[in-house]
Amino acid sequence: MKRILVTGALGQIGSELVAALRRRPEVELVVASDIKMMRRSAEGGADTGVGAFEYLDCTNQRRIEQVVTKHCIDTIYHLAALLSAVAEERPQVAWDVNLGGLYRVLEVARQNRCAVFFPSSIGVFGPGTPRDQTPQDTIQRPTTMYGVTKVAGELVCDYYHFRFGIDTRGLRFPGIISHVAVPGGGTTDYAVEMFYNAVRNRRYTCFLEPDTRLDMMYMPDSIKAAIEVMEADAERLVHRNAFNVTAMNFTPQELATEIREHVPNFRIEYQVDPVRQAIADSWPHSIEDSAARSEWDWDPEHDLASMTRDMLENLERKLRVAVREQGD
Ligand code: SER
């Protein structure tokens, strides 16, 4: 039976991963932790359900150690990190939190023999990387602090595996779309914002150019991937940190067209943010995830059409707006 600690549990992924892990029969305990205090579900907020919660600053190694020993933790999903746009605004903090936090988690994992999940990103790639069907093993020279911390994170996770035998595994997540908790300060956030604005206002001003193509994934697939990679048979793993995973890729224009299938009067305008546009322009248009498919049977369930349908249904319920019944 597993005893799991999730850091950054009130963030976009953590809000849903904690609940999903708590439903697993092989999981005895999930301790949610965050630098924010827990609040019960509210719009844009998180609800990790009933269960253990610890206040945890991941740059404080003694505190991580305390939480891990107190709850006899054997697996850490280390999600606490700054996303790309915020990291570009505050690169020094991003270095401390993203890399300093990971290093401290790995040290505690080494001393307590914990497995570690590390969420890497398409941000590990840069302008020198092949941009279409980006392979698993390729050039990783990012031009953002977010990307620098994620590449270094992948390397140090592999190092802890080879040097100390720690079971570290990771995924290079694309943009993640969900209706439960909003992402904070990422470049792919436009997709989530577009859904919220389509339901609320039937119009959205996008901060990326209409033809900016990026990989994306619906949250249920992200949760499935994070759980499955940690459960994968170690004997089959050639790679560890971290696997390319994707489910779809689209541009803001294509997403708006798909939303219009359900919300015909939805309108999109563009007011480009040069910082986030530059970040997006340094990332791939599409990544190739055959290593994940062959080493642990990765197989996403949602494409653009099914994700859009499900997002709108859930947001309409959540925001209590019956968009389709409203006139123009
Ligand atoms: N979704 C992240 C971001 O936009 C990338 O991994 O920062």
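Any residue at all in segment 79-86 that is polar (S, T, N, Q) and either at pLDDT 95 or above or surrounded by fewer than 21 Cβ atoms within 10 Å (Cβ to Cβ) (or both)? No: zero hits. Confirm whether residue 106 is within 20 Å of residue 171 (Cβ to Cβ), touching a residue at least 60 places away in the same chain (Cβ under 8 Å) and within 14 Å of the ligand (Cβ to nearest atom). Taking the combined requirement at face value, the residue does not satisfy it. If you go through segment 197-211 and pick out every residue that is surrounded by fewer than 22 Cβ atoms within 10 Å (Cβ to Cβ) and either within 16 Å of the ligand (Cβ to nearest atom) or among the hydroxyl-bearing types (Ser, Thr, Tyr) (or both), you end up with 3. Within segment 138-196, restricting attention to residues that are within 11 Å of the ligand (Cβ to nearest atom) and of a type in the set (Gly, Ala, Ser), the residue that is nearest to residue 249 (Cα to Cα) is 175.
Which residues, counting only those in segment 251-267, are hydrophobic (A, V, I, L, M, F, W, C) and touching a Ser or Thr at 6+ places or on another chain (Cβ under 9 Å)?
Passing the criteria: 255, 259.
Taking each residue of segment 250-275 that is at pLDDT 95 or above and buried (at least 17 other Cβ atoms within 10 Å of the Cβ) and looking for partners that are part of a helix (DSSP H, G or I) and acidic (Asp, Glu) with beta-carbon atoms closer than 8 Å, six or more apart or interchain, yields 250/258.
Within the option set 76, 139, 122, being farther than 21 Å from residue 185 by Cβ and either without any contact (Cβ under 8 Å) to a residue 12 or more places away in the chain or surrounded by 17 or more Cβ atoms within 10 Å (Cβ to Cβ) (or both) holds for one residue only, 76.
Looking at segment 222-256, which of the residues that are small (Gly, Ala, Ser) and over 17 Å from the mean Cα position of the chain (by Cα) is nearest to residue 156 (Cα to Cα)?
Step one: list which residues in segment 222-256 are small (Gly, Ala, Ser), which gives 222, 225-226, 232, 234, 242, 247, 256.
Filter again for over 17 Å from the mean Cα position of the chain (by Cα), leaving 232, 234, 256.
Values: 232: 21, 234: 19, 256: 39 Å.
Across segment 222-256, the extreme among qualifying residues is 234.
The requirement of being under 23 Å from residue 9 (Cα atoms) and within 19 Å of the chain's Cα centre (by Cα) is fulfilled somewhere in segment 123-134, by at least one residue.
Going by what's in this entry, would residue 116 be described as buried (at least 24 other Cβ atoms within 10 Å of the Cβ) and more than 16 Å from the ligand (Cβ to nearest atom)? When the stated conditions are applied, residue 116 passes them.
Among what's in segment 247-282 and is within 16 Å of the ligand (Cβ to nearest atom), among the β-branched types (Val, Ile, Thr) and touching a helix residue (DSSP H, G or I) at 6+ places or on another chain (Cβ under 8 Å), pick the residue that is farthest from residue 305 (Cα to Cα).
Residues of segment 247-282 that are within 16 Å of the ligand (Cβ to nearest atom), as a first pass: 247-252, 255, 272-282.
With the extra rule that they be among the β-branched types (Val, Ile, Thr), the set shrinks to 251, 272, 275, 279.
Checking which are touching a helix residue (DSSP H, G or I) at 6+ places or on another chain (Cβ under 8 Å) leaves us with 275, 279.
Values: 275: 29, 279: 26 Å.
It comes out as 275.
Of the residues making up segment 231-243, those that are out of contact with any Ser or Thr (no Cβ under 7 Å at 6 or more places or on another chain) and under 25 Å from residue 151 (Cβ atoms) are 232, 234, 236, 237, 238, 239, 243.
Counting residues in segment 89-110 that are β-branched (Val, Ile, Thr), surrounded by 15 or more Cβ atoms within 10 Å (Cβ to Cβ), over 18 Å from residue 166 (Cβ atoms) and modelled with pLDDT of 95 or more gives one or more.
The values are calculated or read from the model by the stated rules, or taken from the named source; none is laboratory data. As the structure is a prediction and not an experimental result, all values here were calculated from the model. No Cβ is skipped: glycine too gets one built from the backbone with ideal geometry, and neighbour counts run over all protein chains shown.
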